[in-house]
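Everything on this sheet refers to the single structure shown next.
The values are calculated or read from the model by the stated rules, or taken from the named source; none is laboratory data. Keep in mind that this is a model prediction, so the values were computed, not measured. Cβ sites come from the backbone with ideal geometry, for glycine too, and all protein chains shown count toward neighbours.
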Amino acid sequence: MLLAIGDVTVDLYLALPRLPKPGEDLHAARMILRAGGSAANTAAVAAQLGLPARLIGAIGQDPLGEWVAEELRASGVEIELLQRCPEAPTSVITVLVTPEGERTMLSHRGASRLARLPEFPLPPAGFVHLSGYALLEESPLLHTAMAMLREAATAGLHCALDPGLPACRMAPQAVREALREVEILLLNEAEADLLFGLDPRSGFREAPRLRWIVLKRGEQGCRLLGRAGEEQTVPAFRVPVLDTTGAGDAFDAGFLLGLARGASPAAAALLGNAAGALACTVWGVIGSFPGREALERLLQEASQDPAWAPWRALLEEAQTCLAEAQIAGEG
Ligand SMILES: Nc1ncnc2c1ncn2[C@@H]1O[C@H](COP(=O)(O)OP(=O)(O)OP(=O)(O)O)[C@@H](O)[C@H]1O
Ligand SMILES: [Mg+2]
């Protein structure tokens, strides 16, 4: 079981010829609407890949909120802990995309920041995953996230954190506090630089429970660092890239699925890379992530590619793990 905590949003993508000037009326060539939010994305991909996932977050009592809830349910996410807040509208993010692929985001966090800690029995085992947008500013969600992490860590659940760039920039202290509760830190190199400077391993000295740091490196795959000195680079999968939004969230789902199914962290990182790559081939994640069979095909193709020869054992481990996750998910 994966318990994900964080923002739940509606993402509106507008493909524009360029960014508008103030006061201008500019027409978008394309409009795409997706349910989103980092934690929601991770939960949806996990559920699709066979890791049961539950989401703690908040939406408004409005039609957009109902739509997001339905999209999550359709992806297989358990939404019993999703709260409907009357005080604020469902969070909406407008993403302006220019032909160069540059993304400019305009966001209203709305109900997302109001999520409270629901009363529910913690699962006896599993993973709690926090998306760092929850740490951005003083809010009920911030307290919910910290309380959940502390409770889960004390109960012996495995906690993971993906801080995200805005929180590393604007709330590094809150990120550091959350870091003290987690075993797994998933972040990109810009975020690692902000938190740890040139030495990502200093994270282990700061955070007593931290066991693995995963450095996500876009089209270069990822680097896995272990507290005991382990270090491994895992290559990316080559895919036709359409939109990289949510690649990091999908990576997190693949990695946590691997660990939850007992794979080695390196095989889990390979599953993360595969899920991240697939997320790049579609707009957004929820309702568009290609799913488990596409992931199996990606792993299968790589295992027949001579360039992947050094990684064959890891590929096999990842394939077995995925097949077992499906059987467990069906059971
Ligand atoms: N262009 C790409 N081609 C193949 N795989 C990719 C590409 N971009 C990202 N990925 C995969 O997705 C993973 C996560 O992407 P990235 O490194 O951009 O994380 P991130 O910065 O956390 O992303 P996000 O902006 O979604 O938070 C990478 O480690 C890689 O495996
Ligand atoms: Mg990220």
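Key figures for this structure:
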{"item": "Residue ranges of helices (runs of 4 or more DSSP H) in region 233-331 with at least 2 members out of contact with any Phe, Trp or Tyr (no Cβ under 8 Å at 6 or more places or on another chain) and modelled with pLDDT under 95", "result": "312-330"}
{"item": "Some residue of region 132-148 being more than 16 Å from the chain's Cα centre (by Cα), within 29 Å of Ser264 (Cβ to Cβ) and touching a residue at least 24 places away in the same chain (Cβ under 8 Å)", "result": "yes"}
{"item": "Where a residue in region 217-243 is touching a residue at least 60 places away in the same chain (Cβ under 8 Å) and its partner, wherever it lies, is of a type outside the set (Val, Ile, Thr) and away from ligand 2 (no atom under 16 Å from the Cβ), with Cβ under 6 Å and at least six apart", "result": "Val234/Leu270; Phe237/Ala274; Phe237/Leu298; Asp243/Trp283"}
{"item": "Counted residues, region 235-267 - those being more than 8 Å from ligand 1 (Cβ to nearest atom) and over 19 Å from Gly36 (Cβ atoms)", "result": "14"}
{"item": "Flag for Ala53 being of a type in the set (A, V, I, L, M), buried (at least 20 other Cβ atoms within 10 Å of the Cβ) and within 15 Å of ligand 1 (Cβ to nearest atom)", "result": "no"}
{"item": "Residue within region 207-214 that is within 13 Å of ligand 2 (Cβ to nearest atom) and farther than 21 Å from Ile93 by Cβ present", "result": "yes"}
{"item": "Looking only at region 248-265, and only at residues there that are of a type in the set (Gly, Ala, Ser) and within 21 Å of Gly218 (Cα to Cα), the one that is nearest to ligand 2 (Cβ to nearest atom)", "result": "Gly248"}
{"item": "Residue in region 137-151 that is closer than 21 Å to Arg84 by Cα, touching a His at 6+ places or on another chain (Cβ under 9 Å) and not aromatic (Phe, Trp, Tyr) present", "result": "no"}
{"item": "Residue tally, condition in contact with a Pro (Cβ under 8 Å, 6 or more places away or on another chain) and among the polar types (S, T, N, Q), over region 278-305", "result": "1"}
{"item": "Enumeration of residues in region 152-174 that are over 15 Å from the mean Cα position of the chain (by Cα), on the phi < 0 side of the Ramachandran plot and more than 14 Å from ligand 1 (Cβ to nearest atom)", "result": "Ala152, Ala153, Thr154, Ala155, Leu157, His158, Met170, Ala171, Pro172, Gln173, Ala174"}
{"item": "Boolean, Ala40 is within 15 Å of the chain's Cα centre (by Cα) and within 16 Å of ligand 1 (Cβ to nearest atom)", "result": "yes"}
{"item": "Residue that is modelled with the lowest pLDDT [pool: residues in region 96-112 that are closer than 18 Å to Leu165 by Cβ and not in a strand (DSSP E or B)]", "result": "Gly101"}
{"item": "Cross-chain or 6+ apart pairs with Cβ under 9 Å, region 268-296 first and at positive phi and more than 9 Å from ligand 1 (Cβ to nearest atom), then in a helix (DSSP H, G or I) and not aliphatic (A, V, I, L, M)", "result": "Gly284/Asn41; Gly287/Glu71; Gly291/Gln48"}
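Residues are listed down the side, and each one gets a yes or a no for (1) in a helix (DSSP H, G or I); (2) at negative phi; (3) touching a Lys or Arg at 6+ places or on another chain (Cβ under 7 Å):
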residue: Leu3; (1), (2), (3): no, yes, yes
residue: Asp7; (1), (2), (3): no, yes, yes
residue: Leu12; (1), (2), (3): no, yes, no
residue: Leu19; (1), (2), (3): no, yes, no
residue: Glu24; (1), (2), (3): no, yes, no
residue: His27; (1), (2), (3): no, yes, no
residue: Met31; (1), (2), (3): no, yes, no
residue: Ala35; (1), (2), (3): no, yes, no
residue: Ala39; (1), (2), (3): yes, yes, no
